[in-house]
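Worksheet: the structure to be examined is printed underneath.
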Amino acid sequence: MSIRIAASRYCSSIAQAARPHDGIAIKYFQRQGGAPSISLRFRGKSTVSATPGAAKEAAAEATSASSEGVPIGKTLVAMSLAIATISAGAVLAEKGTASMVPTFDPKQQRFDQSTFIGRLSKMLLACDPSLNLCSGEEVKRCKAMVDDYENQLKNLPEGVSETEMSRKLWEAQRVVTAAIHPDSGETIPRPFRMSGYALFNGPICVAMVASQSTAALLVWSWINQSHNALINYYNRNASSEMTNETFAKSYAAAVGSALAVAFGLATFIQKRYSPAQAKNLLRWVAFPSAVVASSLNCYIVRSPEIDTGIPLVNSDGDEVLPNEMSKIAAERGVNSTTFSRALLQAPVYFLPPVLMGVLPPLKNAIMKNPIMRVPMTTYLVLVCFGIGLPSSVAIFPQMGEIKVEEAEEKYHKLQDEKNGGKPYEVLFYNKGL
């Protein structure tokens, strides 16, 4: 499905949720020997004739309803600009550090992962939407290049420095890791890659923010949490197996809890406040419901990892106890990922409505031209998503650390043969994304 078709569909759904007067048909005709009259038809209901005075009022109402419509063309432009803005951030991060790249080593990192800035730089590049444009052949070519990195560095082409070759290798690895799961080696479908998160989930978030009815909010919450469940599944630590039955149960529990939270909050607001107040407040329901639902979604879908455990590795990435798993490390990985998912919701659902309601330029622009609300919401939500996702994921390192004495007893007396037989003090685990 193309981005244009997907965007058109969600825009149409927003229109249905946001236009209570949609379906007004206006006929203007001249009665024989009489005054002009207007015939109104509301969603196929009875036709009403009006005099010129009432006609003017009805026409004004129709114009008002029309102003609440969704300009699909402008919204698509806003979406394209937002995706371009996110990609531009990744380009700036890559080019800004091009002259400082370390010598390529597939077991190491391009950026210092002990600092937040280093982890943010890594995630900005990993979440770059333009990575979805890479074909399967391009991924294979990059993988072959990375696998042959030693030869690439030893036999440099004329005029190419080691730094330049290392940069090409880091970029090739970025393409590979965006498309292929590091544990299973399987190709991740584009909609469920971290680089596709803002591209595919962003429009869903826009629809949730724009929802002004319980039905619309529930439908988009279901779509959102279904997509989140698959994101969590495809980006989990895949060293522990998950059966289809386990995933189905986790999915049902995660999506069910999400809908329960959204429905409960929406119902409370509609019963507590007047229709006009409820309409304004419903746009804020997306934030608290998404925080609770996304956190539950992530934890439930990935909770089987806690039951089976995940492997611990040394600083070189080698398993210290082959075929043995650590449940303690698995729980830490799932908990940290769940926390970052909760934080992600703040910039996506909370920040755009605040900016549009507080900043005078945005507020005045919407008041003067209400039809621009959806395009502006689209741009802000997608950009906030594109910045918030790498920022929230970067809070915790991809490879978590655990002190040996904090892990299971079977890891306590292991010796590092490469370090003169000294006991391990710290081990590592892949927390997943």
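The values are calculated or read from the model by the stated rules, or taken from the named source; none is laboratory data. It should be emphasised that the depicted structure is a prediction, and the values quoted were computed from it without experimental measurement. When we count neighbours, we look across all protein chains shown, and the Cβ atoms used for this are built from the backbone with ideal geometry, even at glycine. The protein model used for the area step is the full one, side chains on, heavy atoms only, and it has no ligands, DNA or RNA in it. Shrake-Rupley method; radii C 1.70, N 1.55, O 1.52, S 1.80 Å.
Annotations
- Of the helices (runs of 4 or more DSSP H) lying entirely inside the stretch 88-194, those carrying at least 1 residues that are open to solvent by less than 90 Å² (accessible area, probe 1.4 Å), touching a Leu at 6+ places or on another chain (Cβ under 8 Å) and small (Gly, Ala, Ser) are 162-179.
- Selected residue (criterion: least open to solvent (accessible area, probe 1.4 Å)) from residues of the stretch 361-409 that are acidic (Asp, Glu) and either part of a loop (DSSP other than H, G, I, E, B) or more than 30 Å from ILE117 (Cβ to Cβ) (or both): GLU408
- Residues in the stretch 233-284 that are surrounded by fewer than 15 Cβ atoms within 10 Å (Cβ to Cβ), modelled with pLDDT of 75 or more and assigned to a loop (DSSP other than H, G, I, E, B): TYR273, SER274.
- Among residues that are assigned to a helix (DSSP H, G or I), modelled with pLDDT of 80 or more, within 22 Å of MET399 (Cα to Cα) and out of contact with any strand residue (DSSP E or B) (no Cβ under 6 Å at 6 or more places or on another chain), LEU230 is included.
- The set of residues in the stretch 85-104 being out of contact with any Ser or Thr (no Cβ under 9 Å at 6 or more places or on another chain) and free of Cβ contacts under 8 Å to residues at least 24 places away in the same chain consists of ALA88, LEU92, LYS95.
- Unique match (being buried (at least 19 other Cβ atoms within 10 Å of the Cβ) and of a type in the set (Val, Ile, Thr)) among VAL301, VAL358, VAL354, VAL313: VAL301
- So ALA346, is it modelled with pLDDT under 85, of a type in the set (A, V, I, L, M, F, W, C) and part of a helix (DSSP H, G or I): yes
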